[in-house]
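The values are calculated or read from the model by the stated rules, or taken from the named source; none is laboratory data. All of these numbers come straight from a predicted model, not from anything done at the bench. As a convention, Cβ positions derive from the backbone with ideal geometry for all residues, glycine included, and neighbour counts pool all protein chains shown. Side chains are part of the model used for accessible areas, which takes the heavy atoms of the whole protein and leaves out ligands, DNA and RNA. Shrake-Rupley method; radii C 1.70, N 1.55, O 1.52, S 1.80 Å.
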Amino acid sequence: MALSSKFPHQFNLIRTFVNAKVKWVQDPYLDTAVLREKDLKQAISLKNQIISSPSKSLSMYTASLLKASLNLPTTTTKFIDKYHCVFTQFQPSPGLHPHVKLTPQALSLHNEELAVHNSLTNREDTVQRLARLLMLAGMAKLPIYVIEKLKWDMGLPHDYVTTLLSDYPDYFDVCVVEDPSSGKELLALELVSWRKELSMSELEKRASLGYSEDKRRHDIAFPILLPKGFDLEKRVKTWVEDWQTLPYISPYEDAFHLDLNSDQAEKWTVAILHELLSLLVSKKTEKENLLCFGECLGLGLRFKKALVHHPGIFYISNKIRTQTVVLREAYRKDFLVEKHPLMGMRYRYIYLMTKM
């Protein structure tokens with residue numbers, strides 16, 4: 001049944017709060033959650049470069065050339081020296097450039113991390129989350145560059161194309177799409193067939209299984225969690241309460257027919273953002289990554305507005321030289337409510353990085 005026939009036209013309400021100005025209030029707990037992972041992505045990316053080398057080491061000269069591609073905050077030498085419990089320099093033989101390799105502790109952690117990546121449970125979880133990413137907003141394919149931006153937050157192995165995707169030809173295929181803005185051809189990842197069994201959002205899963213589909217759509221509301229001392233203006237609070245009562249449209253359905261200025265369209269947009277963040281192992285990502293994904297769906301401007309209008313659902317942290325969007329409900333203070341096995345490994349890398 002078409003989505004438009006499920007919901008009468010009166011639910012396509014035009015926004016009553018077009019010029020919503022919701023102030024940003026700092027959340028020290030969620031800022032701490034972001035700060036905890038300072039330099040973590042860069043350290044693991046450098047680790048992966050080292051371990052991918054046949055000798056399990058890199059010359060310091062070669063390592064120095066990676067500064068820009070790995071987005072290191074300082075010179076490679078200073079970065080390696082700072083995290084001396086993860087990386088160590090050595091002289092392979094007289095007359096050669098110094099090399100860098102992993103410390104025994106870091107190598108042991110890498111092997112444990114590899115075991116997590118290679119476990120059947122994790123592989124199936126990763127494949128299903130990636131399939132759901134492709135299915136958001138009724139889509140079935142995404143340019144590879146968009147997936148690359150989300151690779152870290154999705155918990156994909158660094159060589160996922162060869163070590164993961166190739167083993168699931170019944171799920172994925174690599175194809176070519178045309179970039180509508182430039183007309184250039186881009187590599188894309190395509191879902192071979194729609195997976196109806198995966199098209200239930202995290203919020204829908206939490207809804208009572210005893211409800212009919214239409215009743216469940218009316219009863220689903222987004223958890224609103226605001227930090228202490230933060231109060232929405234009365235008119236904003238009233239608008240949010242009314243907005244919450246609108247029917248919930250699955251982020252896996254195509255609702256592009258809705259008036260883009262309507263409250264119902266915004267609720268669908270928020271559903272997509274909420275589900276996307278729910279698919280990530282850390283339940284957060286850089287704002288730039290979300291907007292890149294949104295632009296690919298033709299929802300870039302809507303994503304920007306939704307993030308600003310709903311501070312009780314999404315928190316934007318300004319730490320670590322960027323803006324990071326955090327799904328509030330996924331955290332209790334500064335810790336994840338449910339910790340993915342890969343996040344457990346990452347926290348152990350953080351411990352090693354902070355050892356003196």
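Mind checking which pairs have a first residue in the range 55-74 that is under 19 Å from L40 (Cα atoms) and in a helix (DSSP H, G or I) and a second that is among the polar types (S, T, N, Q) and open to solvent by less than 30 Å² (accessible area, probe 1.4 Å), Cβ under 7 Å, 6 or more apart or different chains?
Matching pairs, first to second residue: A63/T76; S64/T76.
Looking only at residues that are at pLDDT below 90 and not in a loop (DSSP other than H, G, I, E, B) in the range 199-221, which one is nearest to L277 (Cα to Cα)?
R206
For residues in the range 282-322 being hydroxyl-bearing (S, T, Y) and part of a loop (DSSP other than H, G, I, E, B), which is surrounded by the most Cβ atoms within 10 Å (Cβ to Cβ)?
By that ranking, first place goes to S282.
Within the range 120-130, identify whether any single residue is among the aliphatic types (A, V, I, L, M) and under 18 Å from the mean Cα position of the chain (by Cα), and answer yes or no.
yes
So is Q42 touching a Leu at 6+ places or on another chain (Cβ under 6 Å), at pLDDT 95 or above and over 30 Å from S193 (Cβ atoms) or not?
yes
Considering the range 149-198 alone, what residues qualify as being surrounded by 13 or more Cβ atoms within 10 Å (Cβ to Cβ) and part of a helix (DSSP H, G or I)?
Correct list: K149, L150, K151, W152, D153, M154, Y160, V161, T163, L165, L198.
Given (1) modelled with pLDDT of 95 or more; (2) surrounded by 15 or more Cβ atoms within 10 Å (Cβ to Cβ); (3) not in a helix (DSSP H, G or I), identify the lone condition not met by A20.
Checking A20 against (1) modelled with pLDDT of 95 or more; (2) surrounded by 15 or more Cβ atoms within 10 Å (Cβ to Cβ); (3) not in a helix (DSSP H, G or I), the one that fails is (1).
For L46, only one of the following conditions fails: (1) open to solvent by 20 Å² or more (accessible area, probe 1.4 Å); (2) within 25 Å of the chain's Cα centre (by Cα). What is its number?
Condition not satisfied by L46: (1).
Given the criteria under 20 Å from M353 (Cβ atoms), in contact (Cβ under 8 Å) with a residue 12 or more places away in the chain and assigned to a helix (DSSP H, G or I), does S108 qualify?
In short, no.
Which of the residues that make up the range 234-256 are open to solvent by 20 Å² or more (accessible area, probe 1.4 Å), farther than 17 Å from G294 by Cα and in contact (Cβ under 8 Å) with a residue 40 or more places away in the chain?
Answer for the range 234-256, where residues must be open to solvent by 20 Å² or more (accessible area, probe 1.4 Å), farther than 17 Å from G294 by Cα and in contact (Cβ under 8 Å) with a residue 40 or more places away in the chain: R235, D242.
Restricting to the range 107-138, and then to whatever is among the hydroxyl-bearing types (S, T, Y) and open to solvent by 20 Å² or more (accessible area, probe 1.4 Å), can you tell me which residue is farthest from P341 (Cα to Cα)?
Ranking the candidates gives S108 first.
Scan the range 71-106 residue by residue and report those that are surrounded by fewer than 13 Cβ atoms within 10 Å (Cβ to Cβ) and closer than 19 Å to M345 by Cβ.
The one that is surrounded by fewer than 13 Cβ atoms within 10 Å (Cβ to Cβ) and closer than 19 Å to M345 by Cβ: P104.
Being among the acidic types (D, E), crowded, with 20+ Cβ neighbours inside 10 Å and more than 15 Å from L134 (Cα to Cα) is true for just one of E275, E266. Which residue is that?
Result of the check over E275, E266: E266.
For residues in the range 323-356 being among the basic types (K, R) and farther than 23 Å from P223 by Cβ, which is most open to solvent (accessible area, probe 1.4 Å)?
Applying the filter and picking the extreme gives R348.
Tell me, which residue of the range 139-148 that is touching a residue at least 24 places away in the same chain (Cβ under 8 Å) and open to solvent by 40 Å² or more (accessible area, probe 1.4 Å) is nearest to C175 (Cα to Cα)?
Among them, the one singled out is K141.
Output yes when any residue across the range 323-335 is within 14 Å of the chain's Cα centre (by Cα), under 30 Å from L107 (Cα atoms) and part of a strand (DSSP E or B), and no when none is.
yes
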